[in-house]
Amino acid sequence: MKTSPSSSHHVSRRRFLGQIAAAGAVAMIPRWGRADESPAPSRKLGIALVGLGNYSEYHLAPALRLTKYCRLAGAVTGSRAKGEQWARDYGFPERNVFGYDTMAEMAGNPDIDMVYVVTPNGLHAGHCIAAAKAGKHVICEKPMANTVAECDAMIAACRAAGVRLTVGYRLHYEPHHIEFERLAREKIFGPFTRMTGDNGFRMGVRPGAALPWRLNKRLAGGGPLMDMGVYVIQAACMAKVEASPAAITAVFDPVTRPEIFSQVEESVRWTMEFADGSEARCHASYAEGFSRFRAEGPGGWAQLGPPAFSYDDPVLTTSQGRVHLPRINHQAAQMDGMALELLEGRPSIAPGEMGRRDIAIVEAIYASAGGGGSRIPVQGSA
Ligand code: NAD
């Protein structure tokens, strides 16, 4: 999955290299980027955030103050006043504030190169397709969409518009996960054959408060599987060098709080069965907190976490000891990494096709758990 440049690859490269020509050559940098000492480009790629909620406000926008190759250049929001406040705070013109229904107007705006979709999962497809139609490259937050059919429509729209589609899989740009991936790819402990992973937190809703969108099936697509489980799916596929599992078996745990889990699962367990006979046993939960992933091979083991998937400080330990690597800002590394992939004309390491693969796995998990735990082949697996 790490070799799927979009059809627009060369178009993008020409366009962006033209825009930052004055910067001279862009040096190759480590994937976590901040160690880069090459000169700053004279023009950073402009990113517009779509949806100014928690992740945009507390993670992406602050990270865009740290990035070297991209900057916050615009916003798409349901509140014009909020967008204008962001324009003042982040120093972009008010003309770069758009509504969800006026995204087409971005087409004529040269400040915005990439659109980063950070709205509820069920809205990703519509917002990505609108951005592509406006001629902008797209980063879409995880999970890519609610269904494989939506992923296909997003990929097709980006191809038709000649723009790149990537998924906000920040951990592909994080040093501990990059090292974990190297251990898998170079088979340092032999191929990983037995894997276990859990990710979750206890979801609470204040009495009388409206149901958050993460518990609304239409907006979230599902429960903790869509939110936390996608990280475990990602780690399992990374441990298998980006292979897709051949089949899935899954069960829902009993619901302990039916008053808030009326539309989506509270907790789900699944097994990913790979073509070489290896297995990943996985768990995603809104009932309990976990963050860990362990992979074992014939010559040793590697474990991410706890915590494995949180923002600041993943832990990586192997059968040879603790691995010490730099702590970085994940979101800055991811956005700089994605900007550089474009500038250097390299394929993305987190393309839309990878997001689609993960949603095909999600669909198989729901089909199995909803069907009494039957074994479900994964659509499109090798
Ligand atoms: P949030 O609820 O804080 O923000 C959602 C934004 O979407 C808000 O600005 C809201 O106004 C807007 N919105 C537009 N239409 C809406 C509608 N019909 N209903 C509800 N909100 C609507 O959510 P968030 O935590 O910022 O998550 C947004 C996306 O980012 C999700 O896809 C989530 O999975 C993803 N996310 C990723 C990470 C990560 O580490 N990669 C972390 C957190 C969130």
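Between amide H atoms placed 1.01 Å from N, distances below 5 Å from residue 70 occur with 45, all of them 5 or more places distant or on a separate chain.
Counting only protein heavy atoms, what percent of the accessible surface of the chain is carbon or sulfur at a 1.4 Å probe?
On the way: 8060 of 15020 Å².
Heavy-atom surface of the chain belonging to carbon and sulfur, 1.4 Å probe: 54 percent.
Each stretch of four or more DSSP H residues adds -39500 (n - 2.57); spread over every residue of the chain, this sum gives -8500 deg cm²/dmol at 222 nm. Using only the alpha-carbon atoms, how far is helix 148-161 inclined from the longest principal axis of the chain? Give it as 0 to 90 degrees, nearest 10. The angle comes out near 30 degrees. For helix 124-133, report the angle its Cα long axis makes with the longest principal axis of the Cα atoms of the chain; keep it between 0 and 90° and round to the nearest 10°. Roughly 30 degrees between the two axes. About the centre of its Cα atoms, the chain shows a dipole size close to 520 debye [charges on the beta carbon of Lys, Arg (+1) and Asp, Glu (-1) only; nearest 20 debye]. Mean sequence separation of contacting Cα pairs (under 8 Å, at least six apart), scaled by the length of region 261-300, corresponds to a relative contact order of 33 percent.
Filter the GluC sites (Glu not before Pro) in region 159-207 to those in DSSP coil with at most 16 other Cβ atoms within 10 Å of their Cβ, and list the result. Could you put the intermediate results ahead of the total?
Values: sites: 179, 181, 186; in loops: 186.
Counting only loop positions with at most 16 other Cβ atoms within 10 Å, the GluC sites (Glu not before Pro) in region 159-207 are 186.
Probing with 1.4 Å while keeping every protein chain in the model, the per residue accessible area of region 271-344 equals 38 Å².
Set the bar at 25 Å for Cα to Cα. Now go through 133/240; 142/187; 68/136; 217/240; 82/217 and name every pair that lies beyond it. Don't skip to the end; give the middle numbers.
Working: 133/240 35 Å; 142/187 28 Å; 68/136 20 Å; 217/240 30 Å; 82/217 27 Å.
Violating the 25 Å Cα-Cα cut-off are 133/240; 142/187; 217/240; 82/217.
Each residue of region 73-78 is assigned a 3J(HN,Hα), and the resulting list reads 10, x, 8, 10, 8, x Hz, derived from the Karplus form 6.51 cos²θ - 1.76 cosθ + 1.60 (θ = phi - 60°), x at Gly and Pro. Running Debye on region 294-337 with equal point scatterers at the Cα sites and no solvent, what base-10 log of I(q)/I(0) appears at q = 0.13, 0.14, 0.26 Å⁻¹? Each listed q maps to, in turn, -0.35, -0.40, -0.92. Seen against the Cα atoms of the chain and their longest principal axis, helix 352-370 is set at about 30 degrees. Enumerate by residue number the trypsin sites (Lys or Arg not before Pro) in region 192-258 meeting two conditions: DSSP loop (anything except H, G, I, E, B), and at most 13 other Cβ atoms within 10 Å of the site's Cβ. Hits after loop and neighbour filter: 202. Three principal axis extents of the chain based on alpha-carbon atoms, in descending order, are 53, 50, 35 Å.
What is the sum of charges around residue 42, taking Lys and Arg as +1, Asp and Glu as -1, for the other residues whose C-beta is under 15 Å from the C-beta of residue 42?
On the way: positive: 43, 44, 68, 71; negative: 111, 113.
Its environment carries a net charge of +2.
Rolling a 1.4 Å probe over the protein heavy atoms gives region 140-246 an accessible area of 34 Å² per residue.
The values are calculated or read from the model by the stated rules, or taken from the named source; none is laboratory data. Since we're looking at a predicted model, the values are computed, not measured. Cβ sites come from the backbone with ideal geometry, for glycine too, and all protein chains shown count toward neighbours. The accessibility values were calculated without ligands, DNA or RNA, using every heavy atom of the protein model including side chains. Shrake-Rupley method; radii C 1.70, N 1.55, O 1.52, S 1.80 Å.
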